[in-house]
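This report refers to the structure that appears directly beneath it.
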Amino acid sequence: MTADHSTRPGHDTHGEVALDDADIDPRAPFTRRTFLAGATAAAAAATIAGPAQAAGVDPVHSGSVLRIHPAIGVTRVGNADAAQFFVGPEVPGYGPLYDGVGTAVPGYKTADGKVKRQAARFRVWEYHVVGGKLTPKREVTLGTEGVASIHWTVHVANKKASFHGFEGGQGESSPPAALRNPGVTDPNVRKQTLEIDFGPRSIAGANQAPVPFTPGTAGSYPKTVPLTVGGAPVIDSLGELRTDGAGRLVVVPAQGKAAFNTATQPPMPHWANNNGWFDDVADGPVTAVVTLAGGQSVQMDPAGEAWVLGGPPDFAPGVPGSITGYDLFLDMAVRQLDLPPDHAFYAPGGLLYDIARLKADYKPGQPYEFPTFTPSFAEHIQPILVAAYNLWYVNGLVTAKHNSLINTNLGSTSSKYASARKRVLSYMRAPLGVTGTTGPRTMPKMLGDDPYIGNLPDAVKNLALTHVQYGLLRRWADGNFVANTASDVPPVITPHGLDRAALENTVGGAFFPGIEYGWQLRNPALHAEPFRLDVYAYSAYPGEADKPIGPGHFSRQMAVPWQADFNDCRNEGNYAWWPAQRPAHALPSTTATKRLDWARPTTRFAAGNLESTHEDMVVNWWKFGFVLEEGNLFVEKERAAQIK
C-alpha cells in the first residue's frame, strides 16, 4: 500500500530530517510495512493456526527435544471481561490474526467501550538433530502422534510495592534507590503485605475453562495478599489461564486495576514510586510437560522454557517504535551473548544466519563496527525509516519533513542519492561508544535511559539507536547495501517468528523505566541464549546474587501504579517518550488536518484541568482512543464519547 502524504500537515521543529536534494520527490513513498487486518486476517486463520501434522512422521518420544515459543510472551491489561481477549501478534510484521481463539481485532474495545485484554499464546515445538544441528521439526499439540497431554504451569506475581523505587540507573550502574513503602520494615511483613503472589497455576487439555490467579484458588501455596483496611484483597486477580482447541496455553492478563491499602486514597505525587498504591500487572515463568501415550513424561529442554511479561495496552499497535524489543534482543545476540553452536538457525542458510555474520563482523570501538556486512534495504534499513516516518501519526513533534524518509530513492545504490542517504545518517544519534558522523545527531527525538543528570553522555540522556541499527545505517549511507524492496510474506507460524512477533511489538528503549519491562531484562546474565531468558538464572540486581529470578522479577521495577508513568509519557519540550505505545498526539479523523493531544478530556477533567494528572489517568486510561490504520492514514478510533 502506498499513499500520497504531501498534504500531511506539520510544523518546523529543530533537528528533524529534511532531504533537500533537488532529485528527491517527498511525495513518492515506498510501501510501508503495516499490520494485516480485517477480512484479510480472517482469511489467514487457517494458515496461522499452526503447521499441519505430516502423515507418517515419527511420534514424539522420550528423547525428543522440546521448547516453548514464544520464548518471551507479552500480555496487555484491559478492563473488559476476561473472556473479551485477543491473542497478541504471532507473525512478524503482522498484527493480531484472529483464528477463533478469543475475539477478533480490529475492535480493541468491546461494544460497551472497554479495552480488550491482550493474551499471550504459548506453543510447544519439537526439535531434532540434522547434520549435528538442532533443527525445528514441528509444533507439538494434542493432535500430534504419541502425545497424550500437555501440562502447562505458569507463576506470575506483582512485587512492585515491596521493591526499590525506580530512579533511573540506580541499581544497574550504582546502588539501588530506597525501598518503596519504607514504613514497613520487617522483611516478612513486607512480603505478606506488599507482594501480590497467589502462587502457580496449571492447566492441561483442549479448550479448558479458565484457571484464575485469585487468592481463593491458591491451594496450599503460601500466598501473599495485600489487604485493604476492610480486609479484602487490594488486588483480587492477576489474570487467568486457558487453552485452545489444540491444547496450547493462553495466558490472559488482569484488568489494569490500580488500588490502595489505606483508609483514604493516598496522594500520587510521583510518576513511578507511590506508596500505598498497587496494580495488577504481573510477569513470571512458563513451563510445560508433555506426557506420551505410554505414560512417559518429557520435560522442556533446559534452555527451552519461557517467560510471560505484562504491560499496559498498546494504543498505537500498528506503529512500531524506533527501537523495538526485537531490536534490543538482536543487538544483545550480536554483541553480548554466545550463539548456540549446535543450532541450525545460526548455520549458513539458516533463518538467523545474518546474526552469526553480524557477530563475526563486529569490531567494537572502531569507526565502522560492522565493516563488511552488507545489509538488505528491505530487511535492515527500510523498517528504521518507516518507523521514524509513522511517528508523525502519534507525535506532534514530528514534522512533514519526515515524508522524505519513505522516498523510493533512498533504496537505490546510485551515487546520485549518496548525499541524501548520508544526510539521513547525520541526524541519527549513535549509541554509546560509537563516534557518529558529523551532523545534528538529534534523532530519535526521544528521551533516554537517564535524561535528567547533566553530566551524562547524550546517548544516555537521549535515546540512541542500537549498535546494530547504527552500524547497518552507516553501511547503507555509504552505498554498501542490497537495493531490494519489501514483499508480502504469508502469515505462517514459525518458532523464531513467534519470538520475534512478541518482541517487535514491545519497547526496547529507553528504560526510564520502559513500558513492558525495564533495564533488568537487557542484562546478559539473565539470558539462556539469544531471545530467551534463563528461568533458572540468579538475579543480577545488587544484593540478590544468591536469589534466583522468579515471578514478578521484571514487573517490579516498573511504575506503581502503571497509570502514573503512562500519564507522564507525553512529550517534554522537543523530546518524546514512547509515542508508539502511548501516543502523545493523534489525528481525530481521516479528514482532520491537525493532530490533537491524545490524552485530552472532552472539555475538562473532573478537577477542571485540561492536562491529565496521574489520578486522571487511573480513572480514564481505558477511555482514550486507539490509533489504527484507515486507508492511507493512522487515525484515532474507539475513543469514548465523554472523558472527564
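The values are calculated or read from the model by the stated rules, or taken from the named source; none is laboratory data. Worth saying up front: this structure is predicted, and the values here are computed from it rather than measured. Cβ atoms come from the backbone with ideal geometry, glycine included; neighbour counts cover every protein chain shown. Note: accessible area is taken over every heavy atom of the protein model, side chains too, but ligands, DNA and RNA are not part of it. Shrake-Rupley method; radii C 1.70, N 1.55, O 1.52, S 1.80 Å.
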Open item on the list: Can you compute the charge dipole magnitude of the chain about its Cα centre, using +1 on each Lys and Arg Cβ and -1 on each Asp and Glu Cβ, nothing else charged? Give it in debye, rounded to the nearest 20.
Closed with: 620
Task: Computed FRET value (nearest 0.05) for Thr602 with Glu630, which takes r as the C-beta separation and R₀ as 25 Å - done: 0.70
Open item on the list: What are the extents of the Cα atoms of the chain along their three principal axes, in Å, largest first?
Closed with: 72, 68, 49
TODO: Please give the contour-minus-distance gain from Ser173 to Ser589: 0.36 nm per residue of separation, less the Cα-Cα distance, rounded to one decimal in nm.
DONE: 145.3 nm
Task: Separation in nanometres of the label points that stand 7 Å from Cα toward Cβ, at Asp338 and Asp488 - done: 4.5
- [ ] Would you calculate the separation in nanometres between label points at His61 and Thr413, each defined as 7 Å from the Cα along the Cα-to-beta-carbon direction?
- [x] 4.9
Task: Helix-only CD estimate at 222 nm, as mean residue ellipticity for the chain, using -39500 (n - 2.57) per DSSP H run (n ≥ 4) - done: -4000 deg cm²/dmol
- [ ] Express the carbon and sulfur contribution to the solvent-accessible surface of the chain as a percent, rounded to the nearest whole number, probe 1.4 angstrom.
- [x] 54
Open item on the list: 7 Å from Cα along Cα→Cβ at both Gln366 and Glu145: what's the point-to-point distance in nm?
Closed with: 5.1
Open item on the list: Place a point 7 Å from Cα of Tyr452 in the direction of its Cβ. Which residues in the stretch 538-560 have their backbone N less than 19 Å from it?
Closed with: 557-560
TODO: Return the FRET efficiency for the residue pair Thr217, Ala641: r is the Cβ-Cβ distance, R0 is 56 Å, and the value is rounded to the nearest 0.05.
DONE: 0.90
Task: Accessible surface, per residue, of the chain when the full set of protein chains is kept, probe 1.4 Å, Å² - done: 37
TODO: Specify the inter-centroid distance of the stretch 392-453 and the stretch 537-591, based on alpha-carbon positions, in whole Å.
DONE: 24
Open item on the list: Keeping all protein chains in the complex and leaving out DNA, RNA and ligands, what accessible area do you get for Asp301 with a 1.4 Å probe, in Å² to the nearest 10?
Closed with: 40
- [ ] Please work out the Cα center distance from the stretch 63-134 to the stretch 455-496, rounded to the nearest Å.
- [x] 25
